[in-house]
Amino acid sequence: MENLKLKTIRNLDPKDKRVIVRADWNVTLGKALQVVDDTRIKRTLPTIKWLLSNGAKQIVLLAHLGKYGEGKSLRGVAEYAQILLGQEITFCDTVTRCHAATGKIVMLENLRMWKGEDENDPKFVKELTSLGEVYVNEAFGEAHRESASIVGIAKILPAYAGLNFATEVETLTKVINNPRRPLVVIMGGAKVEDKIKLLEVMSKKADTLLIGGKLANEFLTNEIKLKGDAKVLTPVEGNNLLDIGDETRSLFVEEIKKAGTVIWNGPMGKVEEEQYRAGTHVVYEALVANQEAYTVVGGGDTLAAIRDERHLSRIDFVSTGGGAMLKLLEKGTLPGIEVLE
Ligand code: ADP
Ligand code: MG
């Protein structure tokens, strides 16, 4: 993990090339299908602009929305993105139509309209590769998946990491392998099976592990013992909580105050309900109050809970990858990274 050497677009001369860019525009849509949160779109724009200003002939955007079988269209997202970008995006609903499109920026319909995407089907990969001459991955949030647009294309075309992708990998690799200590890792939320393995790794890497949320309930109920040397704090109020209590909050805050680095994933309570948000809020406030610490936060629900408080900018690094961030911290690499090394 120490030596992840990514090929980034800085190693690429895109002049006169058709560049396939895998973007992560799997954004949250509201009731009227409007884009509620455009962070992921915004974080891909520097790469698109860089490629254009360095002479790329065409950019072919690939992205997904939702799951296979849901049939969600990316058209609305493309329309929204072209306003942010200040440039027209030609949207096409088949690979063949994308081929024929002459616009500077074209975008293919939701990759998950096709079964071949998740299955990394060679036939689908071949169709996609025909859309360009080089490939750029700017979808860090998808790098843990072995799909056609993440792994398949990259094995065939010259493949590079986008700017945000590279920053994600660099930052997360550094905070886990070479953090300013003490490293305090805060974990909560609900995806318990996913997170238990990461807790095991963190117990060896971190100095202090603060466990809250539903994760803590399960952790305590199942009497899980971690092998590492980290000091582990769990809610003192018990294992049947919808939020961490006052005493746990104070204990967690004390540890966060002392941190040199903080990594946080997962809300401390059932944050969708107002009365269970206080624990998460207290943790957030302690984290940003520690000016000395380098702070990293990721996870869809964690960020949604903070975003409401309009405080994201006070965090040093906000990861665009939920599952991908957790998997990278756990494993040290990801399928989508390996194909770019
Ligand atoms: P993230 O998306 O940030 O990785 P998760 O998806 O793992 O986080 O978990 C977020 C969910 O966990 C939220 O829907 C929240 O309501 C739920 N949750 C957290 N703590 C509790 C709890 N104590 N009881 C019930 N649900 C909880
Ligand atoms: Mg989640």
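We did not get these values from a lab; they are worked out from the coordinates using the rules stated. Quick caveat: nothing in here was measured; it's all calculated off a predicted structure. Note that each Cβ is placed from the backbone with ideal geometry, even for glycine, and that neighbours are counted across all protein chains shown.
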Check on residue 116, surrounded by fewer than 23 Cβ atoms within 10 Å (Cβ to Cβ), within 18 Å of residue 29 (Cβ to Cβ) and in contact with a helix residue (DSSP H, G or I) (Cβ under 8 Å, 6 or more places away or on another chain): no
Region 50-65: number of residues that are touching a residue at least 12 places away in the same chain (Cβ under 8 Å) and farther than 15 Å from residue 107 by Cβ: 4
Subset tally (residues that are closer than 19 Å to residue 180 by Cβ, hydrophobic (A, V, I, L, M, F, W, C) and away from ligand 1 (no atom under 13 Å from the Cβ)) for region 297-335: 2
Checking residue 264 against (1) away from ligand 2 (no atom under 16 Å from the Cβ); (2) touching a Gly at 6+ places or on another chain (Cβ under 9 Å), the condition it does not meet: (1)
Residues of region 51-69 that turn out to be in contact with a strand residue (DSSP E or B) (Cβ under 9 Å, 6 or more places away or on another chain) and either among the hydroxyl-bearing types (Ser, Thr, Tyr) or in a helix (DSSP H, G or I) (or both), as a count: 2
Members of region 238-262 that are under 28 Å from the mean Cα position of the chain (by Cα) and of a type outside the set (A, V, I, L, M, F, W, C): 243, 249, 255, 257, 258, 260, 261
Any chance residue 104 is in contact with a strand residue (DSSP E or B) (Cβ under 7 Å, 6 or more places away or on another chain), surrounded by fewer than 21 Cβ atoms within 10 Å (Cβ to Cβ) and over 30 Å from residue 179 (Cα atoms): yes
Odd one out for residue 190, checked against (1) away from ligand 2 (no atom under 16 Å from the Cβ); (2) surrounded by fewer than 22 Cβ atoms within 10 Å (Cβ to Cβ): (1)
Qualifying residue in region 70-89 (condition: among the acidic types (Asp, Glu), surrounded by 15 or more Cβ atoms within 10 Å (Cβ to Cβ) and not in a helix (DSSP H, G or I)): no
Search result, residues across region 11-45 that are assigned to a loop (DSSP other than H, G, I, E, B), among the aliphatic types (A, V, I, L, M) and farther than 16 Å from residue 161 by Cα: 27, 32, 33, 36
Residue identified as closer than 29 Å to residue 281 by Cα, in contact (Cβ under 8 Å) with a residue 40 or more places away in the chain and either within 16 Å of ligand 2 (Cβ to nearest atom) or of a type in the set (Phe, Trp, Tyr) (or both) among 198, 172: 198
Subset of region 174-193 that is within 20 Å of residue 242 (Cα to Cα) and assigned to a helix (DSSP H, G or I) - its residue that is farthest from ligand 1 (Cβ to nearest atom): 193
Qualifying residue in region 31-47 (condition: free of Cβ contacts under 8 Å to residues at least 24 places away in the same chain, of a type outside the set (A, V, I, L, M) and out of contact with any Leu (no Cβ under 6 Å at 6 or more places or on another chain)): yes
